[in-house]
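Step one of this worksheet: look at the structure below.
A short reminder: the numbers here are calculations on the coordinates, not readings from a lab. Keep in mind that this is a model prediction, so the values were computed, not measured. So basically every Cβ, Gly included, is an ideal-geometry build from the backbone, and we count neighbours across all protein chains shown.
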Amino acid sequence: MSDLFLYNTLHRKKERFEPLHPGQVGLYVCGPTVYGDPHLGHARPAITFDVLFRYLKQLGFNVRYVRNITDVGHLEHDADEGEDKIAKKARLEALEPMEVAQFYQNRYHQAMDMLNVLRPSIEPQASGHIIEQIEFIKRILDNGLAYIVDGSVYFDVVKYNDKHRYGILSGRNIEELISNTRSLDGQSEKRNSVDFALWKKAAPEHIMRWPSPWSDGFPGWHMECSAMGTRYLGECFDIHGGGMDLLFPHHECEIAQSVGALGHESVRYWMHNNMITINGQKMGKSLGNFITLEEFFTGKHTSLEQAYSPMTIRFFILQAHYRSTVDFSNEALQASEKGLSRLMDAVARLHTLKAGTTTTVDIRGLRSNCEEAMNDDLNTPIVLSHLFEATKVINLVHDGKASLNEVDLEELKAVFSLYLFNILGLTDNTTGQAGQTAGEAYKKAVDLLLNLRMEAKQKKDWATSDKIRNELAAMGIEVKDTKDGFEWKYVG
RNA sequence: GGUACCUUGGCCGAGCGGUUAGGCACCGGUCUGCAAAACCGUAUACGGCGGUUCGAUUCCGCCAGGUACCUCCA
């Protein structure tokens, strides 16, 4: 079996993945800031790293997957006044900040569950790790790489850059950054524009605040990931993931903080998923062009021609490689919906196939082809293309135009189950929902009706036969006639 | 302005120095009481101009167009 290669943003190339400790993988991914409804942009990293998580486990690694919940910090852009997002939203809605954070965290979990994204091993909240963050800042201060101004603590990027290189991840150099950074209005306590806050003193009206050696305040933008990553995965760990938009400054600052506190880098492989675009432009909160996941699931958004199921969204995302941008459009989503349905129909059909005495089509390479694609930096579109090739085989066998022996048939079932369900995490929610809730009795009832229809057809009683089909269709049950019987599924 | 990336057939989207990606749509066919669906099959491509090479969509240069980051953002 070949080795797993992952694209490491730090070195801008694919590298063989070798964990720090054999058999163990530490994975950290930047999670959501819980101050708004989850949108399509949130789905991409969640699904990308969900697939990585699933695949690493499949490879036999013991994985600890940490994905944070940002419920404090993150200064707002016009907020040199020192107001953070959570607090601002809370005041608008006259709620406790933690109430707001909890609400959106729950919403996030709901959406992710629907997308069949597995929960991480640990999901730490920034607000629950203020002590760790303070300790982390202390270490940076002890190393002389931060300074205190009126109760706030800033990282001294210029000083850091004397000994280390600030910009190794994003490929920027500090001189250009200094000359190009727009000077923000108002006071700056920072010695240099490139410096960033480790701790911010809270303004009097600021309600999210914690005591610290320096002031009552809150941690800076980038601190939580360094502190919590170190806490749960150690001073050095394997993989850190997140969206490409976090590459700079967020991840660059994390590196500086870690080196500043620990004396060495923490992360061995940096992975970044690309953005989802809408009309060629990034779908983002700041641009106001995002569509929430709930809007996708219900179809209630002016840009949407219809509702799209969570699995359609998941499939749509997996059809592109995670490092490419994906352009959203109704057309593309509808194509995904049909493609997914074709795949799922084939799986359902697969379990009705009877083994033949001989095998006339070659499916031997399927498993290794899928594995090879996954090992090549998680090339999920290629995995899907192989599964579509196998779909063709299933259909041929179903039509009696090819046959598979017992061993090959079992292999085909095993590979589909492994890749489609376990690794890509797709589920069959077209037939699933009604079938699962109503159970076997419901299925048998439909089968009974359709058997009656078969009898009517044999008597050429087209009126009865059409009536059964049409009324079932009205209830959302789609009937397809086949050579020697029927197939049906609930389409809602 | 700085940095990085992208440009593939009607649409989406992989990939690679020489061999069919795949999906959706289209067209042709099979099946069918009808219809729908389903299934099978064919076709269409690599932004422009140069260069390297026996050969480039794939490597290099230039040009055009686009995107992202440089400010919170997945």
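Across every direction, the projection of the convex hull enclosing the Cα atoms of segment A:1-53 has a mean area of 5.2 nm².
DSSP beta bridges confined to chain A are antiparallel in about 55 percent of cases.
Go ahead and run the numbers for FRET between A:Ile168 and A:Glu15, Cβ-Cβ distance against an R0 of 22 Å, rounding to 0.05. The calculated FRET efficiency here is 0.90. Relative to the dominant Cα principal axis of chain A, helix A:97-114 is inclined by about 30°. Remark: A:Val158, A:Val393 ranked as A:Val158, A:Val393, counting other beta-carbon atoms within 10 Å and listing the fewest first. At A:Asn395 and A:Gln58, where each label point lies 7 Å from the Cα along Cα→Cβ, what is the point-to-point distance in nanometres? Roughly 2.3 nm, to one decimal. Once the Kirkwood radius over Cα pairs is known for segment A:277-423, the Stokes-Einstein relation at 4 °C and 1.567 mPa s delivers a diffusion coefficient of 77 µm²/s. Axis angle, to the nearest 10 degrees, between helix A:406-416 and the longest C-alpha principal axis of chain A: 40 degrees. The order of A:Met223, A:Met98, going from fewest to most other C-beta atoms within 10 Å of their C-beta, is A:Met98, A:Met223. The ellipsoid that matches the Cα gyration tensor of segment A:173-260 has semi-axes, each √(5λ) in whole angstrom, of 23, 21, 11, with the longest given first. For segment A:127-152 versus segment A:187-208, the inter-centroid distance based on Cα atoms is 13 Å. The modelled label-to-label distance for the pair A:Phe388/A:Arg191, using points 7 Å beyond Cα in the direction of Cβ, is 5.7 nm. Peptide packing for A:4-10, A:14-20 was compared via the average number of neighbouring C-beta atoms within 10 Å per residue; ordered from the highest value, the list is A:4-10, A:14-20. Over segment A:18-273, how many percent of alpha carbon pairs lie in each 5 Å bin up to the one with the longest distance? In whole percents, the pair-distance histogram is 1, 6, 13, 17, 19, 17, 13, 8, 4, 1, 0. Here the extension length gained between A:Glu331 and A:His109 equals 77.1 nm, from 0.36 nm per residue of separation less the Cα-Cα distance. Listed by chain and number, the lysines whose C-alpha is less than 30 Å from the C-alpha of A:Lys413, apart from same-chain residues fewer than 8 away, are A:Lys57, A:Lys338, A:Lys354, A:Lys392, A:Lys401, A:Lys443, A:Lys444, A:Lys480, A:Lys483, A:Lys489. Annotation: peptides A:188-196, A:25-33, ranked by per-residue average of other Cβ atoms within 10 Å with the highest first, follow the order A:25-33, A:188-196. What separates the Cα centres of segment A:1-70 and segment A:301-357 is a distance of 23 Å.
A straight chain from A:Ser368 to A:Asp216 at 0.36 nm per residue would run longer than the Cα-Cα distance by 49.0 nm. Between A:Val149 and A:His264, full extension at 0.36 nm per residue minus the direct alpha carbon distance yields a gain of 38.8 nm. Listed values for segment A:4-12 are Karplus-derived 3J(HN,Hα) couplings in whole Hz (6.51 cos²θ - 1.76 cosθ + 1.60, θ = phi - 60°), namely 7, 10, 10, 7, 9, 4, 4, 10, 6, and x replaces Gly and Pro. Please work out the C-alpha center-to-center distance from segment A:92-116 to segment A:251-285 and express it in whole Å. Distance between centres, Cα-based: 24 Å. Relative to the first principal axis of the alpha-carbon coordinates of chain A, what is the inclination of helix A:252-262, with its axis defined by its Cα atoms, in degrees from 0 to 90 and to the nearest 10? The angle comes out near 60 degrees. Over chain A, all Cα pairs binned in 20 Å intervals from 0 give whole-percent P(r) values of 21, 47, 24, 8, 1, listed from short to long.
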